[in-house]
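Comments concern the structure below.
The numbers here are math on the coordinates, done by the rules we state, and not lab data. Note that this is a predicted model, so its numbers are computed, not measured. Cβ atoms come from the backbone with ideal geometry, glycine included; neighbour counts cover every protein chain shown.
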Amino acid sequence: MTTVALATGTHPDLHPDQIPTVALPPSRSALIARLLTAVVILGALAGAGWIALKWEPQLLPIQVVIIDGEMRGLSKEALRQTIAEHISGGILTQDLASLQTEVQNLPWISYASVRRVWPDRIVFTVREHEAVARWGENGLVTADGVVFRPRDGRLPAGLPRLEAADDMASLVLEHFRRWHPRLAELGLIIDGIRRDARGDWSLMLLGGTELYLGTDDIETRFDRLLAAYPQVEAIGIPTRIDLRYSNGFAVRWLPRVNAGAGPDRVAAIKPRERS
């Protein structure tokens, strides 16, 4: 700080050391110099901290992993194990985006986010896919038509089985939703639907009855079945119904003693016209 002498008089007996002084504010250049010095010091400290973390990324290790979300298909322990395998830094240096990607790519996970919580934990928020049906041999499909395949091969019990190319999932689900309630009115439950590579549709009902709709006019053929099914059921328990005919269908029933319609109980049925 700069000081100047302030003369209060011209008394000849006044010693120079007795002349009073007053402090003046620092100059602008002095303030700038001090500010630059502070910036340099802070930069040096930040650089030293960065170097320390670079050479010792576990300086502030992650001690706790919290998983927020209901888990049914994938256990939280299995998820924690996956996360632990991909933790490579401390709370400040860990790449959270890569962790989020690893979790997001797990078969059961539909959504994942991750955040840091000071000083030593990370928190994951996750949502699982909700499977509405099995898909082929080892897959599942969601209500949105997303196909996924659990790595452990475990599939929920009691789901219908749908089968087609993966890009046909939404179409097959659409038919399932349309056909299921209409068959349920007749006491019939869909156990599976298949669309093969040629576009042929077939259904399997609980109890083992197979329905074959073919590739063309499948809705017309389905309606034909519903109209005539009381006739079919009146004869016996059908095991196979082939609807790939222009104006009727063929039925095979379970064999029984003294049954009609031939030795293998096969008959062609033409639906009665509605009055």
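Report the Stokes-Einstein translational diffusion coefficient (µm² s⁻¹, integer) for the range 59-128, Rh taken as the Kirkwood radius over Cα pairs, at 4 °C with viscosity 1.567 mPa s.
On the way: Rh = 12.1 Å.
Result for D is 107 µm²/s.
Seen through its C-alpha gyration tensor, with square-root eigenvalues sorted a ≥ b ≥ c, the range 200-246 comes out oblate because a/c lies at 1.5 or above while a/b is not bigger than b/c. Toward the positive end of the charge dipole of the range 131-269, with +1 on the Cβ of Lys and Arg and -1 on the Cβ of Asp and Glu, the farthest Cα among Thr220, Ile235, Ser170 is that of Ile235.
Looking at the range 131-269, what % of the alpha carbon pairs are farther apart than 25 Å?
Numbers: 2989 of 9591 pairs.
Of all Cα-Cα pairs in the range 131-269, 31 percent lie more than 25 Å apart.
Stretched out straight at 0.36 nm per residue, the stretch from Asp200 to Val146 would grow longer than its current Cα-Cα span by 17.2 nm.
Please give me the summed charge of the neighbours of Ser202: other residues whose Cβ is under 13 Å from its Cβ, Lys and Arg +1, Asp and Glu -1.
Details: positive: Arg161, Arg194, Arg195, Arg198, Arg221, Arg240, Arg244; negative: Glu163, Asp191, Asp196, Asp200, Glu210, Asp242.
Net charge in that neighbourhood comes out at +1.
Here each label is just a point 7 Å from Cα along the line to Cβ, and for Asn138 and Thr125 those points are 3.4 nm apart.
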